[in-house]
Amino acid sequence: MAELNSDGGGGGKKGGKVRSKKQSTRVDMTPMVDLMFLLITFFMLTTTLAKPQAMDLAMPDKDDKNKDEQLDVADTRTMTVLLGSKNKIEWFVGLADNPISAPTVEDYGKNGIRKAIIEKSKDIKASTGKDMIVIIKPSDKSNYKNLVDILDEMKITNIKQYAIVDINTPEIELLKRDGVY
C-alpha cells in the first residue's frame, strides 16, 4: 500500500523563511509482485504447448539383402512427379521417353497437383482395377519444403504407394525443356 511520510521537510531554525513541509510517498510493491506470480502461473498452466507434427515414413532397412532387386510395375499405373525450381512440379504417367499422358507443369495446392493426382488415380483405378503408384523425383533445384509439400499431398489424396527416387538425365532434360529446372 502507499504511505505518506511527514518527517523532514521545513526548516528547524527559528526566523528565516517559512517553508511548507514536503511529504514523500513510498509505494509498497509486495502485492504487485504477488499478482505477477499469480498471473504467470495461471498462464503457464492454462496454455497448451505446441505439439510437434511428424509424418510416419516407411524406409527400407539399411542391411536389406535384396537392395538391388527392383519391383516391376506397369507403366500404365505409375505417375512420376518431378520436383523443379520456383515451386513448380512436372508430372506424367508412364516413362519419361514415352509418356502415356503428356508432361504437365503444375503448382502445389488443391487446384494444382492435388487435382491432377485425384483425377489420374480415379482413371487408373477404373482402367486397371489397381491403385496408382506415385514416383517422386526431386531435382537439384527443388528445396526441402517442396518434398514435404508433395508428401503432404500424398497423405491428403490417400495415395498408399509412393516412392522417393533419384532423378535421371532424361527427366532433368524434360524439366529444362519446360523451364522448371
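Points to keep in mind about this one:
- Qualifying residue in segment 42-56 (condition: at negative phi, touching a helix residue (DSSP H, G or I) at 6+ places or on another chain (Cβ under 8 Å) and either modelled with pLDDT of 90 or more or not in a loop (DSSP other than H, G, I, E, B) (or both)): no
- No other residue among Asp149, Asp140, Asp72 is out of contact with any Ser or Thr (no Cβ under 6 Å at 6 or more places or on another chain), acidic (Asp, Glu) and under 19 Å from Ala58 (Cα atoms) apart from Asp149.
- Residue match in segment 22-37 (condition: acidic (Asp, Glu), surrounded by 13 or more Cβ atoms within 10 Å (Cβ to Cβ) and over 23 Å from Leu147 (Cβ atoms)): no
- Taken together, the residues in segment 155-171 that are surrounded by 12 or more Cβ atoms within 10 Å (Cβ to Cβ), within 18 Å of Tyr144 (Cα to Cα) and over 22 Å from the mean Cα position of the chain (by Cα) amount to 1.
- Any hit, segment 68-75, residues being crowded, with 18+ Cβ neighbours inside 10 Å and touching a residue at least 24 places away in the same chain (Cβ under 8 Å): no
- Meets criteria (of a type in the set (D, E, K, R), in contact with a Gly (Cβ under 9 Å, 6 or more places away or on another chain) and part of a loop (DSSP other than H, G, I, E, B)) for Lys21: yes
- Answer residue from segment 85-122, given it is within 18 Å of Leu147 (Cα to Cα) and of a type in the set (Lys, Arg) and is surrounded by the most Cβ atoms within 10 Å (Cβ to Cβ) among those: Lys88
- Of the residues Ser20, Ser24, Ser6, the single one that is at pLDDT below 75 and more than 30 Å from Ser127 (Cα to Cα) is Ser6.
- Hits in segment 38-56 (condition: of a type outside the set (Val, Ile, Thr), within 30 Å of Val148 (Cα to Cα) and free of Cβ contacts under 8 Å to residues at least 24 places away in the same chain): Leu49, Ala50, Lys51, Pro52, Gln53, Ala54, Asp56
The values are calculated or read from the model by the stated rules, or taken from the named source; none is laboratory data. Note that the structure is a prediction, hence the values are computed from the model and not measured. Here the Cβ is made from the backbone with ideal geometry for all residues, glycine too, and neighbour counts use every protein chain on show.
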